[in-house]
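This report concerns only the one structure given below.
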Amino acid sequence: MPLPKAVAGYFDKLEGPMKAVAIRLSEAVYERGPHLKATYAWGQPCWIGNERVVSIMAHARHCNLQLWSGARMAEQYFGRIEGSGKMLRHVKVRSPDEIDDELIDIIDRAIQLDQDAPVRVR
């Protein structure tokens, strides 16, 4: 499925090794949640089901897979999901190799939470 122009433009503008990480993360999100709608919100790509599910934010040395219901999952994935937000948490991904089975489980869990018990994101 082609990405909206603004989302594709975000990835097109990336440079260096984080471009490959960001693109691979977006592919993983699409593979796990093809029903999610990709959009551009708050300056980054975001995927929405009933509510916002995940976003990708590229930095110089890592990408954050932002989990809009990450606080509800943090204890289950202690040490992998970081942050202290009321709802929004993240996983730092430094290379495509870190997109492993556990990260796929995290993506699956975020999608499932959105389907089973969505929480309104402001």
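Every number here is computed from the coordinates shown, using simple stated rules; none is lab data. Here the structure is a predicted model, which is why all the values come from computation and not from measurement. When we count neighbours, we look across all protein chains shown, and the Cβ atoms used for this are built from the backbone with ideal geometry, even at glycine.
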* Structure fact -> Taking region 52-81 and keeping residues surrounded by fewer than 15 Cβ atoms within 10 Å (Cβ to Cβ) and either in contact with a Pro (Cβ under 6 Å, 6 or more places away or on another chain) or charged (D, E, K, R) (or both) leaves ARG61, GLU75
* Structure fact -> HIS62 fails exactly one of (1) free of Cβ contacts under 8 Å to residues at least 40 places away in the same chain; (2) under 20 Å from SER95 (Cβ atoms), namely (1)
* Structure fact -> In region 102-120, anything part of a loop (DSSP other than H, G, I, E, B) and of a type in the set (Val, Ile, Thr) is listed as VAL119
* **One residue from ARG24, ARG61 being touching a helix residue (DSSP H, G or I) at 6+ places or on another chain (Cβ under 6 Å) and either of a type in the set (Lys, Arg) or closer than 19 Å to GLY9 by Cβ (or both)** => ARG24
* Considering region 22-57 alone, what residues qualify as being of a type in the set (Gly, Ala, Ser) and in contact (Cβ under 8 Å) with a residue 60 or more places away in the chain? -> ALA28, GLY33, GLY49
